[in-house]
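> Okay, handing you the structure first.
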Amino acid sequence: MSTIAETAHRGQARRRVRIDGWRWGGRIFLLFMLLYTTLPMIWMLITSIKSGFAALQFPPQWWPDQPTLASYQKLLDPQNSVGQDFLRFFWNSLFVSTATTVLSVIVAVPAAYAFSRFTFPGRNFLFFAVLLRNMFPAVIFLVPLFILMRAIGLVNTHGSLILTYLTFGLPLAIWLLKGFYDNIPVQLEQAARIDGATRFQAFVLIVMPLSAPGIIATAIYSFIGAWNEYIYAYTFLSKNDQLTLPVGIQRFFSENTTDFPGLMAASFMMSVPVVVLFLVLQRYFVRALTEGAVKH
């Protein structure tokens, strides 16, 4: 009996070592990924508080001898041309991203609800056809969309970007919300209908509050996609007063020199709204992904 007990104890010890090994391996991997994602942000922040000479030194200074906020002051000062342009680009990006987010939610919510609750001919085909666009890289649609926007007179307007971003953002938004609606029991709506509510009232009063995490996740996805997009903004917009931030920060590049502290300061300030938005609402985003992926 003692031999059997010792053998079982050794087996449990080996399994515990293997489990601990995987756990520590996972921790090391997560630490590596954390450093991989945060170090560029840290270096960007450090470069933004250097002088132009210190930013070009080799070997590089890991911390400047005389930190300065001159780059940030220049960007946020509406009295100089750089500050005027940066603030204009910032508000252009904010307007385009907000408009894209609002329209994406307005369209995706009823579309996803229809795919989840109603049965109609060709429903499955239409649903997967909506996702078909995601099989192709965005650059494939660049020329056709530019020709279309020029034909309807939307080139050099923010409307061209909003329509384009809706084209690319809606498929995944609808897919996310449909998975979420599938997990909301239809019996809740039926009970509301029995109590005298219309279908629309049941949707607004019962389904939408329960699907708030999914709607928030859709809004986050739409906003981040529109905020960071570069290719279409660079192609559709050429007027300086219409440019968005990803295109506008090219101002810091010139033929003879590059203002690296100003470029890093602008890039850091461009990253802040997205990071703050995700940190504040990340629990809703994760919940929407997990609940929409598993059918109960």
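> Only residues that are open to solvent by 10 Å² or more (accessible area, probe 1.4 Å) and not hydroxyl-bearing (Ser, Thr, Tyr): list them for the stretch 215-225, please.
Answer for the stretch 215-225, where residues must be open to solvent by 10 Å² or more (accessible area, probe 1.4 Å) and not hydroxyl-bearing (Ser, Thr, Tyr): 215, 216, 219, 223, 224, 225.
> Consider residue 160 carefully, then state whether it is over 24 Å from residue 277 (Cα atoms), open to solvent by 60 Å² or more (accessible area, probe 1.4 Å) and polar (S, T, N, Q). Break it down stepwise before answering.
Values: over 24 Å from residue 277 (Cα atoms): yes; open to solvent by 60 Å² or more (accessible area, probe 1.4 Å): no; polar (S, T, N, Q): yes.
No.
> Go through the stretch 163-200 and give me each residue that's part of a loop (DSSP other than H, G, I, E, B) and open to solvent by 30 Å² or more (accessible area, probe 1.4 Å).
To start, the set of residues in the stretch 163-200 that are part of a loop (DSSP other than H, G, I, E, B) comprises 183-185, 195-198.
Once the filter is applied, which keeps residues that are part of a loop (DSSP other than H, G, I, E, B) and open to solvent by 30 Å² or more (accessible area, probe 1.4 Å), the stretch 163-200 yields 183, 185, 195, 196, 198.
> Confirm whether residue 117 is among the charged types (D, E, K, R) and under 14 Å from residue 236 (Cβ atoms). Spell out how you get there, then give the answer.
Working: among the charged types (D, E, K, R): yes; under 14 Å from residue 236 (Cβ atoms): no.
For residue 117, the condition - among the charged types (D, E, K, R) and under 14 Å from residue 236 (Cβ atoms) - is not met.
> On the given criteria, is residue 95 outside any helix (DSSP H, G or I) and either open to solvent by 40 Å² or more (accessible area, probe 1.4 Å) or of a type in the set (S, T, N, Q) (or both)?
Details: outside any helix (DSSP H, G or I): no; either open to solvent by 40 Å² or more (accessible area, probe 1.4 Å) or of a type in the set (S, T, N, Q) (or both): yes.
No, not satisfied.
> Anything in the stretch 47-92 that is open to solvent by less than 60 Å² (accessible area, probe 1.4 Å), farther than 13 Å from residue 248 by Cβ, at pLDDT below 80 and part of a helix (DSSP H, G or I)? List them, or say none. First the steps, then the outcome.
Step one: filter the stretch 47-92 for residues open to solvent by less than 60 Å² (accessible area, probe 1.4 Å), giving 47-52, 54-55, 60-61, 64, 68, 70-72, 75, 77, 80, 82-83, 85-87, 89-90, 92.
Retained after the next criterion (residues that are farther than 13 Å from residue 248 by Cβ): 47-52, 54-55, 60-61, 64, 68, 70-72, 77, 80.
Narrowing further to those that are at pLDDT below 80: 51-52, 54-55, 60-61, 64.
Those that are open to solvent by less than 60 Å² (accessible area, probe 1.4 Å), farther than 13 Å from residue 248 by Cβ, at pLDDT below 80 and part of a helix (DSSP H, G or I): 52, 54, 55.
> Hey, another quick one. Could you list, in sequence order, the residues of the stretch 84-119 that are among the small types (Gly, Ala, Ser) and over 21 Å from residue 172 (Cα atoms)?
Start the filter on the stretch 84-119 by keeping residues that are among the small types (Gly, Ala, Ser), which leaves 93, 97, 99, 104, 108, 111-112, 114, 116.
The answer is 93, and nothing else.
The values are calculated or read from the model by the stated rules, or taken from the named source; none is laboratory data. All figures in this text were calculated on a predicted structure; none of them were measured in a lab. Glycine gets a Cβ as well: all are built from the backbone with ideal geometry, and neighbour counts include every protein chain shown. Side chains included, ligands, DNA and RNA excluded: accessible areas come from the protein's heavy atoms. Shrake-Rupley method; radii C 1.70, N 1.55, O 1.52, S 1.80 Å.
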